[in-house]
Each structure stands twice: as C-alpha cells, then as structure tokens.
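The values are calculated or read from the model by the stated rules, or taken from the named source; none is laboratory data. If you're wondering where the values come from, they're calculated on a predicted model, not measured in any experiment. Cβ coordinates were reconstructed from backbone atoms using ideal geometry, including for glycine residues, and neighbour counts include every protein chain displayed. Remember, those area values only see protein heavy atoms, side chains included, never the ligands or the DNA or RNA. Shrake-Rupley method; radii C 1.70, N 1.55, O 1.52, S 1.80 Å.
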Amino acid sequence: MEIIESPRSPEQRKRDVLERLGREQDIWVASADADGLPCLVPLWFLWDGEAIWMSTRFTNPTGRNLRAGRRARLALGHTRDVVLIDGDVESFTAREVPAAAADAFAERYGWDPRRNGGSYGYFRVLPRAVQAWHEEHELPGRHLMREGQWVV
C-alpha cells in the first residue's frame with residue numbers, strides 16, 4: 001500500500017519555494033513570440049530575494065521573446081514537485097544591468113556575460129504569481145502569490 005504524505009501548509013510551501021530559489025541553479029523559462037510560437041529552455045538563474053535574474057543572448061528566441069513580450073513563466077522541479085512562477089520581465093544590456101546583480105551572477109556561476117560581447121543581456125523577472133505543489137493531493141492551496149503579493 002502506498003503511503004501518501006499529507007499536504008504541506010501554505011507557509012511551508014512558501015518556505016520551500018524560497019529555499020529552492022536560493023539553492024537551485026537552473027530554471028525552465030517559457031516565453032512566446034508575437035505569433036504565439038512557444039519557446040522553452042533551461043537557464044542559469046540568480047534569486048536576489050525579490051526577483052530572478054537570468055542572462056541569455058538578445059538575438060536568440062528566448063532573448064527576443066523576453067525583451068518584446070515582457071512576460072515569462074518560469075518553472076522549477078519535475079512533475080511531482082512543481083514551482084511555477086509567472087512574472088514581468090525587464091531587460092538590461094551589459095552596460096545597464098545593476099552591478100550588484102551582474103557581479104552576484106558572475107560569482108555564482110564563474111561566468112560573466114558582460115565579458116561575452118554585446119549580444120548578451122540580463123533579464124530580471126519580478127514574480128506576479130507563484131504556485132507550488134507535490135503531486136495531486138497538494139493542488140488545493142497551490143497559489144502562494146497573486147498579483148505580486150504573497151497570499152501566505
């Protein structure tokens with residue numbers, strides 16, 4: 001007989017999300033172009049306590065979509081331990097990016113996009129909605145943030 005653990009409280013889910021944002025290195029980035037053609041890629045990311053920072057080329061589909069669409073859906077985990085984040089996107093050139101964010105990103109990954117030429121940009125995703133759940137039994141109560149405000 002399979003033992004099903006009881007659902008986590010909303011407060012525990014929020015703690016778990018924040019811990020994962022500080023620990024994990026890769027995040028799935030979903031974006032779409034003006035015609036609705038989707039693009040899904042994993043990128044390194046940095047959580048600064050308020051927003052998620054990523055870097056990719058302005059010239060690839062993800063960079064173009066994030067810059068033009070200014071919205072993204074980000075995901076952590078596999079299908080049985082999900083974190084979904086919908087957010088507003090700001091883009092920065094290597095000259096415009098706040099030094100603290102770029103320095104922290106470079107320190108974390110040992111790679112500084114500012115040194116890879118002008119085609120790399122930085123993208124700051126400010127969460128507007130966050131959902132988290134383990135399996136089906138946690139679907140109720142999965143909404144932890146709405147309209148940019150934590151609801152727990």
Determine which single condition Arg70 fails, assuming it passes every other condition in (1) in contact with an Asp or Glu (Cβ under 7 Å, 6 or more places away or on another chain); (2) basic (Lys, Arg); (3) within 30 Å of Ser6 (Cβ to Cβ). (3)
Please work out which residue is modelled with the highest pLDDT, limiting yourself to the stretch 117-144 and to residues that are part of a loop (DSSP other than H, G, I, E, B) and either open to solvent by 70 Å² or more (accessible area, probe 1.4 Å) or under 30 Å from Glu11 (Cα atoms) (or both). Arg142
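Scan the stretch 82-112 residue by residue and report those that are among the charged types (D, E, K, R) and either at positive phi or at pLDDT 95 or above (or both).
Narrowing the stretch 82-112 to residues among the charged types (D, E, K, R): 86, 88, 90, 95-96, 103, 107-108, 112.
Once the filter is applied, which keeps residues that are among the charged types (D, E, K, R) and either at positive phi or at pLDDT 95 or above (or both), the stretch 82-112 yields Asp86, Asp88, Glu90, Glu96, Asp103, Glu107, Arg108, Asp112.
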For the subset of the stretch 72-81 comprising residues that are modelled with pLDDT of 95 or more and surrounded by fewer than 21 Cβ atoms within 10 Å (Cβ to Cβ), which member is farthest from Val125 (Cα to Cα)? Leu76
Using beta carbons and a limit of 8 Å, which pairs, at least six apart or on different chains, have the first residue in the stretch 20-45 and more than 16 Å from Val125 (Cα to Cα) and the second one acidic (Asp, Glu) and part of a loop (DSSP other than H, G, I, E, B)? Cys39/Asp33
Out of (1) in contact with a Ser or Thr (Cβ under 6 Å, 6 or more places away or on another chain); (2) open to solvent by less than 80 Å² (accessible area, probe 1.4 Å), the one Val97 does not meet is (1)
What single numbered condition from (1) at positive phi; (2) open to solvent by 40 Å² or more (accessible area, probe 1.4 Å) fails to hold for Gly148? (2)
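If only one of Pro61, Pro38, Pro7 is open to solvent by 40 Å² or more (accessible area, probe 1.4 Å) and under 20 Å from Asn116 (Cα atoms), which one is it? Before you say what the answer is, go through the steps one by one.
On the way: Pro38 fails: under 20 Å from Asn116 (Cα atoms); Pro7 fails: under 20 Å from Asn116 (Cα atoms).
Selected residue: Pro61, the only one of Pro61, Pro38, Pro7 that is open to solvent by 40 Å² or more (accessible area, probe 1.4 Å) and under 20 Å from Asn116 (Cα atoms).
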Leu18: more than 20 Å from Gly110 (Cβ to Cβ) and open to solvent by 30 Å² or more (accessible area, probe 1.4 Å), yes or no? yes
Just checking, does the stretch 60-70 include any residue being without any contact (Cβ under 8 Å) to a residue 60 or more places away in the chain and of a type in the set (Ser, Thr, Tyr)? yes
